[in-house]
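Trainee: Before I ask anything, let me first share the structure, which is written out below as structure tokens.
The values are calculated or read from the model by the stated rules, or taken from the named source; none is laboratory data. Since this is a predicted model, take the numbers as computed values, not measurements. Ideal geometry is used to build each Cβ from the backbone, glycine not excepted, and the neighbour counts take in all protein chains shown. For accessibility, only protein heavy atoms count, side chains too; no ligands or nucleic acids. Shrake-Rupley method; radii C 1.70, N 1.55, O 1.52, S 1.80 Å.
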Amino acid sequence: MNRSYQIRFAQNQIVISNRWRETSASVFLVYNKRVVASDIKDLSRLDAQVENLVKIAKASQENPDYAGIAKGPFKYDRPAVDKKILDLAEGSNHVEAAVNAALKEGARECAGSFWKYDEEHFLRTSNGVSANDRRAALYLSIRALVSLDSSGHGVACASKLSQFDPEKAGHKAGKIAALAKNPVRGEAGRYDIVFDPLILGSLIDQIGNRAGAYSVLAGLSPFAKKIGKRVASETVTIFDDGSADSMGRRRFDAEGVPTKRHAIVQKGILKTYLHNTSTAKKFKTKTTGNAGLVAPGPHVLFCKPGTWARDEVFEECKDGLWLTNTWYTRYQNWVAGDFSTIPRDGIFRIKKGEVVGTWKDIRLTDNLINVWKSVEGLTKTADQVEWWGEVGTPTFAPYALARKIGITRSAE
């Protein structure tokens, strides 16, 4: 059940608000290892649509890798939802706080969206699972512009109203936009990179999704046969924890298995793939509670903070770039991990820890494992980030400094 609320704003003004109250069903059906999954929006036709799915399953090919779903029942932690978010009926003051903060920093125009998420989930399986969950969270994304070439992006994410800070997001977006004036075309080379939490969140998201066992089996991951091997520097620990307080908190996965914390990368060593029951049997291990009935994946990703202050990250960047955001991450070779991504919003030239110029028209072109092996330092604090473009999994990301990362020019 979805009871969400959205505000969209453009040119510093609210332009539309939407409210949803929707109920839908997701059906996962297996007939003699013939697997079918579908969403049903019209519940008045539920019986007829399930009958049709059975017909489709009978006519489908067997999936030899299907190994069933987890056997319940299970015990779950009590659901934790902030009542102040549930009671929130109006969000325009949060939008105004973000926009005004960005304008104070020098932005001329702002656009973005505010969301109140309120979702309730019920799960029943033929293997004895009966469970329910409710999630509520607040999210704001703001893009601030000084000109078409000078922009900044900020996000605010929280599962508690007391932790929601849209003003901070607006200040950040406005500061970056104001600093990004008059960019010039960048130069190819290998540079030390200061990764802002938004772009580092994208790279953490890549780790989490490439660690899904289905991605490994499908040849869409550089982590095949690398359990127990180094895939990042010793300073890097990344874990998935759907049970932790976050936008993506959940009591159970799609099979009803309780969520818990799993280290994906620990001090640079790949520790596990993310599994459902079927992939776990394939790899002769146990499910990690990350179903995805077809493709297991992360719930909430955490990059363990380091020991550096934010200023230290910049001070240690003697000849490099500060990248604040990115989009259009694409792989040239999934198995090797060769990829490129396009930095967006503020791209700043750094020398001896200071911003000395602003760039545009570049790509980060490197290898996923190499980038993570090149991380030298992480800040003591991390921000919760998510946005539709590149950070699809709620992620806690610090600032990071990585050495000698490949930068190419975008096409003319």
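Trainee: Assess whether Val294 counts as being assigned to a loop (DSSP other than H, G, I, E, B) and at pLDDT below 95. It would help to see each step written out before you state the result.
Mentor: Working: assigned to a loop (DSSP other than H, G, I, E, B): yes; at pLDDT below 95: yes.
Taking the combined requirement at face value, the residue satisfies it.
Trainee: Kindly list the number of the only condition in (1) touching a residue at least 12 places away in the same chain (Cβ under 8 Å); (2) out of contact with any Cys (no Cβ under 7 Å at 6 or more places or on another chain) that fails for Ile238.
Mentor: In the conditions (1) touching a residue at least 12 places away in the same chain (Cβ under 8 Å); (2) out of contact with any Cys (no Cβ under 7 Å at 6 or more places or on another chain), Ile238 misses (2) alone.
Trainee: Out of Ala188, Ala177, Ala173, Ala169, which single residue is touching a residue at least 24 places away in the same chain (Cβ under 8 Å), over 21 Å from Ala102 (Cβ atoms) and in contact with a strand residue (DSSP E or B) (Cβ under 6 Å, 6 or more places away or on another chain)?
Mentor: Every option except Ala188 fails the conditions.
Trainee: Considering only the stretch 343-352, I want to know if a residue exists there that is open to solvent by 40 Å² or more (accessible area, probe 1.4 Å), over 27 Å from Arg143 (Cα atoms) and not acidic (Asp, Glu).
Mentor: yes
Trainee: Which of the residues spanning the stretch 302-312 are buried (at least 17 other Cβ atoms within 10 Å of the Cβ) and not in a loop (DSSP other than H, G, I, E, B)? Reasoning before the result, please.
Mentor: At the first step, the residues of the stretch 302-312 found to be buried (at least 17 other Cβ atoms within 10 Å of the Cβ) are 302-304, 306, 308, 312.
Passing the criteria: Phe302, Cys303, Trp308, Glu312.
Trainee: Pairs, please: C-beta under 6 Å, at least 6 apart or cross-chain, first residue more than 19 Å from Ile238 (Cβ to Cβ) and open to solvent by less than 20 Å² (accessible area, probe 1.4 Å) and in the stretch 282-301, second modelled with pLDDT of 95 or more and in a loop (DSSP other than H, G, I, E, B)?
Mentor: Every condition considered, the pairs that remain are Ala291/Asp253; Ala291/Ala254; Ala291/Glu255; Ala291/Asn276.
Trainee: So if I check each of Ala107, Ala144, Ala102, which one is in contact (Cβ under 8 Å) with a residue 40 or more places away in the chain, of a type in the set (A, V, I, L, M, F, W, C), in contact with a strand residue (DSSP E or B) (Cβ under 7 Å, 6 or more places away or on another chain) and more than 24 Å from Thr395 (Cβ to Cβ)? Break it down into steps so the answer makes sense when it comes.
Mentor: On the way: Ala144 fails: more than 24 Å from Thr395 (Cβ to Cβ); Ala102 fails: more than 24 Å from Thr395 (Cβ to Cβ).
From the options Ala107, Ala144, Ala102, the qualifying one is Ala107.
Trainee: If we only count strands (runs of 3 or more DSSP E) wholly inside the stretch 143-248, which ones have 2 or more residues that are under 29 Å from Val356 (Cα atoms) and small (Gly, Ala, Ser)? Break it down into steps so the answer makes sense when it comes.
Mentor: On the way: elements: 150-158, 189-195, 238-241.
Once the strands (runs of 3 or more DSSP E) in the stretch 143-248 are filtered for at least 2 residues that are under 29 Å from Val356 (Cα atoms) and small (Gly, Ala, Ser), what remains is 150-158.
Trainee: Sticking with this one: Mind counting the residues in the stretch 379-406 that are surrounded by 24 or more Cβ atoms within 10 Å (Cβ to Cβ), over 15 Å from Cys157 (Cα atoms) and not hydroxyl-bearing (Ser, Thr, Tyr)?
Mentor: Within the stretch 379-406, residues that are surrounded by 24 or more Cβ atoms within 10 Å (Cβ to Cβ), over 15 Å from Cys157 (Cα atoms) and not hydroxyl-bearing (Ser, Thr, Tyr) number 3.
Trainee: Do we have Thr307 as polar (S, T, N, Q) and touching an Asp or Glu at 6+ places or on another chain (Cβ under 6 Å) here? Steps first, answer last, please.
Mentor: Values: polar (S, T, N, Q): yes; touching an Asp or Glu at 6+ places or on another chain (Cβ under 6 Å): no.
No.
Trainee: Identify the residue in the stretch 313-329 that is open to solvent by less than 50 Å² (accessible area, probe 1.4 Å) and part of a helix (DSSP H, G or I) and, among all such residues, is nearest to Ala382 (Cα to Cα).
Mentor: First, the residues of the stretch 313-329 that are open to solvent by less than 50 Å² (accessible area, probe 1.4 Å): 313-314, 317, 320-326, 329.
Filter once more, so that each one left must be part of a helix (DSSP H, G or I): 313-314.
Details: Val313: 13, Phe314: 16 Å.
Checked the stretch 313-329; the qualifying residue nearest to Ala382 (Cα to Cα) is Val313.
Trainee: Further question: Can you go through Gly154, Gly128 and tell me which one is small (Gly, Ala, Ser) and within 22 Å of the chain's Cα centre (by Cα)?
Mentor: Details: Gly128 fails: within 22 Å of the chain's Cα centre (by Cα).
None of the other options fit; the residue is Gly154.
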